[in-house]
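Q: Quick one: structure below, then a few questions.
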């Protein structure tokens with residue numbers, strides 16, 4: 001059986017600090033097969049920027065997210081693409097699940113046939 005690719009968006013990586021949800025435990029609960037966590041290089045850069053420039057809770061959440069990235073494989077984004085465009089591009093080329101709480105991004109991904117996982121309430125994750 002092949003591993004499912006699971007791409008983690010920037011805002012999703014901040015969930016553990018912001019909501020106290022163990023995203024890895026929740027992914028284990030939701031995904032009944034082996035999976036591999038992916039983070040795009042542009043997301044890693046974005047979190048680094050937030051960690052340096054933001055204040056308060058966002059700064060701490062970004063630092064926590066940067067630690068969580070160590071459990072994933074960081075892969076290069078398509079040259080010239082950033083943010084949501086890079087995620088949609090990667091997802092369309094790699095048939096992966098995308099974890100995000102961004103409703104606009106989820107809509108774009110759903111339209112292209114990509115499965116998404118997001119927060120359901122403030123306690124757990126679910127397919128959106």
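Quick note: the coordinates plus some simple rules give every number you see, no bench work behind them. Quick caveat, the model's predicted, so the values are computed rather than measured. Neighbour counts run over all protein chains shown; Cβ positions are idealised from the backbone, glycine included.
Q: Give me the number: length gained by fully extending residue 24 to residue 78, i.e. 0.36 nm times residue separation minus the C-alpha to C-alpha distance, one decimal in nm. Don't jump to the answer; show the numbers that get you there.
A: Details: separation 54, 0.36 × 54 = 19.44 nm, distance 2.62 nm.
Full extension from residue 24 to residue 78 adds 16.8 nm.
Q: Quick check: the distance between the Cα centres of region 14-29 and region 69-117, to the nearest angstrom?
A: The distance from the Cα centre of region 14-29 to that of region 69-117 comes to 18 Å.
Q: How high is the relative contact order of the chain, in percent, with contacts defined as C-alpha pairs under 8 Å that are six or more residues apart?
A: Working: 200 pairs, mean separation 39.4, N = 128.
Relative CO of the chain lands at 31 percent.
Q: OK, next. Per residue of the chain, what 222 nm ellipticity follows from adding -39500 (n - 2.57) for every DSSP H run with n ≥ 4, rounded to the nearest 500?
A: -14000 deg cm²/dmol
Q: In region 6-128, what percentage of the DSSP-assigned beta bridges are antiparallel, given to the nearest 5?
A: Here the share of antiparallel DSSP bridges comes out near 30 percent.
Q: Identify which of the listed values of percent of Cα pairs over 26 Å apart was calculated from the structure shown: [x] 14; [y] 54; [z] 71.
A: So the structure-derived entry is [x].
Q: Say a paramagnetic label sat at a point 7 Å from the Cα of residue 45, along Cα to Cβ; which residues of region 69-92 have their backbone N under 14 Å from it?
A: Within reach of a label on residue 45, which here means backbone N under 14 Å from a point 7 Å along Cα→Cβ, region 69-92 contributes 75-87.
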